[in-house]
Structure formats: C-alpha cells, structure tokens
1. Quick check on segment 224-232. Is at least one of its residues aromatic (Phe, Trp, Tyr), surrounded by fewer than 17 Cβ atoms within 10 Å (Cβ to Cβ) and at pLDDT 85 or above?
2. What number goes with the only condition from (1) over 19 Å from SER52 (Cα atoms); (2) in contact with a Cys (Cβ under 8 Å, 6 or more places away or on another chain) that LEU221 does not pass?
3. Could you please give the count of residues in segment 4-33 that are within 17 Å of ILE204 (Cβ to Cβ) and surrounded by fewer than 24 Cβ atoms within 10 Å (Cβ to Cβ)?
4. If I go through segment 190-218 residue by residue, how many of them are under 11 Å from ILE49 (Cβ atoms) and surrounded by 22 or more Cβ atoms within 10 Å (Cβ to Cβ)?
5. Specify the residue that is most open to solvent (accessible area, probe 1.4 Å); the eligible residues are those in segment 79-122 that are among the hydroxyl-bearing types (Ser, Thr, Tyr) and closer than 20 Å to LEU189 by Cβ.
6. Go through ALA205, ALA199, ALA114 for me and flag whichever is of a type outside the set (Val, Ile, Thr) and either modelled with pLDDT under 85 or under 27 Å from GLY249 (Cβ atoms) (or both).
7. Which of the residues belonging to segment 153-197 are touching a Lys or Arg at 6+ places or on another chain (Cβ under 7 Å) and closer than 24 Å to ALA44 by Cβ?
8. Kindly indicate which of LEU81, LEU87, LEU128, LEU57 is outside any helix (DSSP H, G or I) and of a type in the set (A, V, I, L, M).
Amino acid sequence: MFNSENLLLTFIFTVASLLHGISGIGVTLVSTTALASMYSLQHAIILIIFPSLALNLMTWLIGGGRSMGENFRYYLKHYWLLALMSLLGSLLGVKLLLWVDSSYILVLLAAVIAFYVISNALGKRIILPATTPVLIVTGLIAGIIGGSTNAMSTILLMYLLGSSDDKNTIAKVGNMCYLLGKVAQIIVLRESLIALPKADWLLIALLTTVSLVSLLIGIRLRHYLSQDRFRQLVLIILTFLGLRVGWQGIVGLIG
C-alpha cells in the first residue's frame, strides 16, 4: 500500500489540510487540482469525496454553539432554497464527468482557479446581491461547478458574503452546501465507488485520517503563524497547478 504514488498522495493531502487549517483556503480545491494533474478527473473526485466529507462534518461540529443536527435544521430552514439549488446543480455537475470530455472540465477548473487566485491576490471579493433570482442562479452554477470540479466555494461565497455579515453563518451554510454536493457525488458515482478495489478504500481511509489530523494541527498553528504568508503560499501552489491542469485540458482539446 505504501508505494511512492500513495506516499505522494498522503503528502498532498497532509499539506493541503495543514494549509487549510492555517489559512482557511479550500483544501478540496488544492487537492483536486493536484490529483487532476495525476489521474483522470473522475478518479480524482472519487478519491477526494470522503476526506472532504469528513472535513465538512468537522466544520459543522466545531463552533457555533449547536450540534451538527441542530446546525443542519437551523440553516436548512433559512437557506433551504440555496441548499436545494446547489444540490440540483451538483447532481448535474457530477453527470458532466460522465457525459462530457474531461478536457473541457479541466479547462473549466483552470478558469475557476484563475478567477480564485486573481481575486484573492488583488484582495477583492465579488459580492452578489441577496435576492431570490440571484440565489437560484448562483446556487445552481455553484453546484454544477462544485459537482464537476470540487470548486463550489469560489462561486457560492459571492452570494453568501452578500447575504450575511456573520462569518459563522457563512461557514455553516457554505459547508451545508458542500456536504450536499458530496452526497450528490456519492449518488451519481456510486457504481464507481462500489467497484473500487480494497486497496483504494484503504487509501481513502488513510487520506481521510491524515486530512483530519493535519487540519487540527493547522488550526492549532493558526495562532502562531502568519495566515497571510500561508495564503500567499497556497495561491502560488494553485497557480502552478492550475497552469498544469489548464495545459492538460488544452492539449486534450487540440489532440
């Protein structure tokens, strides 16, 4: 099990989760982009589903003064339409993995990464008005992008930042939508998941454990290290990975 490839995967998830704990920047975006440059995008998504699900659940459990179930009921009551649209979009987005040439999705992922990196580097965030039509469109688009590329947060946050000033609410609602996105991926990719060999399930269990431990360590280190410096590091990593994934997509389309 501990061959060079699995050790590299463990390293990627360790670094991504550690940086997420320190800087708060999306671990799924970093790990998905890294794995998409090594495997098919569908296989990369499959390997990331359960580690991401575990991290989302931890976010629900930490902070907020409510249990996970209470959080889900409370925020679902107030943001049910956004949750529904993100779920429907995620179902469609995962289907794109099966219907569309992966080269197109790799180019889409590279474009989302470019938007994410540039907006963060400039220190600007696009904030959308909190109206029902905007909610429906944003939730659907975020779900489609999240289901196919694991980059839901880049779009979803544009609406959440305009609908609430409470960081806890933004985090909880965002993670509720991410959780539903993972459920959509499990539903659509269930046959691929069932067909995974035992070795892959052992690897997923290892990556999930490593991600949780690294996230907790990162959260501890957050108080002692510069978050801005680590945010810059993550953006640099994403830039190189995004260029590589984008090049793969372009080569695939040309070929």
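The values are calculated or read from the model by the stated rules, or taken from the named source; none is laboratory data. Values in this document were obtained by computation on a predicted structure and should not be read as measured data. Here the Cβ positions follow ideal geometry from the backbone for every residue, glycine too, while neighbour counts run over all protein chains shown. Protein only, heavy atoms only, side chains kept; ligands, DNA and RNA dropped before computing areas. Shrake-Rupley method; radii C 1.70, N 1.55, O 1.52, S 1.80 Å.
1. No, there is no match, as no residue in segment 224-232 is aromatic (Phe, Trp, Tyr), surrounded by fewer than 17 Cβ atoms within 10 Å (Cβ to Cβ) and at pLDDT 85 or above.
2. (2)
3. 9
4. 1
5. This residue is TYR104.
6. ALA114
7. VAL188
8. Testing whether each residue is outside any helix (DSSP H, G or I) and of a type in the set (A, V, I, L, M) leaves just LEU128.
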